[in-house]
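Taken together, the values in this text are just the output of simple stated rules run on the coordinates, not laboratory data. Keep in mind that this is a model prediction, so the values were computed, not measured. Every residue, glycine among them, receives a Cβ derived from its backbone with ideal geometry; neighbour counts consider all protein chains shown.
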Amino acid sequence: MDSKSALQILEPPQKVARIAPRLSIAGRDHHHPDDPRWQLAQRIAASESIGRSKLLADFLLYIVDRHIRDLTDEITEQQIGVLVFGRPEGYDSNEDNIVRSYARNLRKRLHEYFATEGSAEPLLLRIPRGGYTPIFSSSVQDSKEVEIEESAASSPGPGKIDITESPGPPTAEYFLPLGTAAPPSLVRSPRISLGMLLCLFLGILLGVSAMLLRHVRPIASREVSHKLWAQMFDGERDTFVVPSDDGLVIMQRLIQRPVPLGAYVNGNYRTGVNTENAPNANEILKLGGRRYTSVVDLDFVAHLAQLREVVPERMKIRYARDLRMEDLRTSNAILIGSEEANPWIELFRPQLHFSFRFDPDPGKPSGFVNLHPRPGESSVYSTAGHEEQTFGIIAYLPNLDNNGHVLIVAGLNTAGTEAATSFLLNSSLMAPTLERARTANGGFQSFELLVGADNIATNASAPSLVLERIGLPQMH
């Protein structure tokens, strides 16, 4: 991370006292056992799209139950917050937007359900934006409405002439009074040979094949990316998302010495650092206690939260200073930023092919050291002499107890991290590596990517793959 990047304060979320007991109605078939709307809601709540999130299932079943009972006055943000999410009576929904957040996710999951495993459902269920009251409709009725809308959009309408089929500009002989038959001179018998038919058939076949390939490739890319994110957010354990500590970065640059993980964990770096010869020493030490992070990191976190594989109650956002060693033993984690900005990455250094090197000496620029260079590869990838270029890494590794996964997304600077996050979120770019890293049981081997991009005013251009490693480094 570079100290010139845009910074944003990241404060830990305040604890909310849960006074009202959270309502749980998932799995209660006796509410409306014979109502097809309730039966549909039960199937959706148990589906792959929603079933892994108990809160989403409870949300859905609550609003459907109140709708069937004609108790729409209880389908409000306040009531849902209290009865489904356990918020206290009278809580401030402007400060706590959990209902709106889950509603967005629920609408997305419903759309996925009806597009995949629920495509044969006789009823459709929607939650219109701006409210939470569900709407049920016949799938046949909906398809007819779509046909009518498409027909209306394509029809020229009264008083208009559709000339889209015309082979060229109209001539006078083609304008005839209404109801007048065309003279024989204008009726031409087409002469179509077998060769023309064959060419036409081949053209159609090639067009259809190209169209299918355009659709199949993105679907295959999304599918393999889905498997990666499903492992990072598996629902069986928490996944900690840890943005960078940019206050620490600025402090290290000012005192010109790195802060090791041990000092970072016990907090000694905020009091025991030698700043005798540094001007404004007290202000420098205060930087170590401030909560700054990059807007690039926050944008990445926001994209992660929208992934369909995320189980909301299992995704935990932690400031780097608040993370604990135990979190990296028993949980999944996504560590954002370089070692300089996120010292926890130091724990995984033995498993990395590309090690981050920070040196305050301008003659020894910071960069990614290629620990095991292959023929034709550089030993160091840095911005030395090429400040318009930047690099980032993406590393998929086992956690400390080898029972979960850690994803490291780091850059030499803000633009480098942006390049790495953009590459990771692009399923088409990630698909080749993920295919090569796939195992027989559907999981992935450890892998590491070095990504490059142009650095334009601390913003990364389109990222590209520089180096790839599948598997952990061989110990010598």
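Can you tell me the order of 224-235, 341-352, 405-416, 390-401 when each peptide is scored by its average per-residue count of other Cβ atoms within 10 angstrom, highest first?
Values: 224-235: 18.5, 341-352: 20.3, 405-416: 26.8, 390-401: 22.1.
My ranking of the peptides, most packed first, is 405-416, 390-401, 341-352, 224-235.
In whole Hz and in residue order, list the ³J(HN,Hα) couplings for segment 319-335 that follow from phi through the Karplus curve 6.51 cos²θ - 1.76 cosθ + 1.60, θ = phi - 60°; x for Gly and Pro.
Each residue of segment 319-335 in turn: 5, 3, 5, 9, 6, 10, 4, 4, 4, 8, 8, 10, 10, 7, 8, 10, 9 Hz.
Cβ neighbours within 10 Å, averaged per peptide: list 94-106, 113-125, 290-302, 72-84 in order, most packed at the top. Can you show the working numbers first?
Details: 94-106: 16.5, 113-125: 14.5, 290-302: 19.8, 72-84: 18.0.
Peptide ranking by packing, descending: 290-302, 72-84, 94-106, 113-125.
FRET efficiency for V265 and A46, Cβ-Cβ distance as r, R0 = 45 Å, nearest 0.05? Please report the intermediate quantities before stating the final value.
Working: r = 43 Å, r/R0 = 0.95.
Result of the calculation: an efficiency of 0.60.
For D454 paired with T76, estimate the spin-label separation in nm (one decimal), with each label point 7 Å from Cα along the Cα-to-Cβ line.
It works out to 5.5 nm between the two label points.
Once phi is turned into ³J(HN,Hα) by the Karplus curve 6.51 cos²θ - 1.76 cosθ + 1.60 with θ = phi - 60°, what whole-Hz value does each residue of segment 295-306 show in order, with x for glycine and proline?
After applying 6.51 cos²θ - 1.76 cosθ + 1.60, I find 5, 4, 5, 5, 5, 5, 4, 4, 5, 4, 5, 8 Hz.
Each label point is 7 Å from the Cα along the Cα-to-Cβ direction; what then is the distance between the points at E468 and R349, in nm?
2.9 nm
Work out the FRET efficiency for E89 and R126 from their Cβ-Cβ distance, taking R0 = 22 Å, and round it to the nearest 0.05. Before the final figure, lay out each step's value.
Numbers: r = 30 Å, r/R0 = 1.35.
Taking R0 as 22 Å, the efficiency between E89 and R126 is 0.15.
For Q445 and T330, what is the calculated FRET efficiency with R₀ set at 30 Å and r taken between the beta-carbons, to the nearest 0.05?
Numbers: r = 22 Å, r/R0 = 0.73.
Efficiency at R0 = 30 Å is approximately 0.85.
Grab the Cα-Cα distance for A384 and Y319, subtract it from 0.36 nm times how many residues apart they are, and report the gain in nm with one decimal.
Values: separation 65, 0.36 × 65 = 23.40 nm, distance 3.08 nm.
Value of the extension gain: 20.3 nm.
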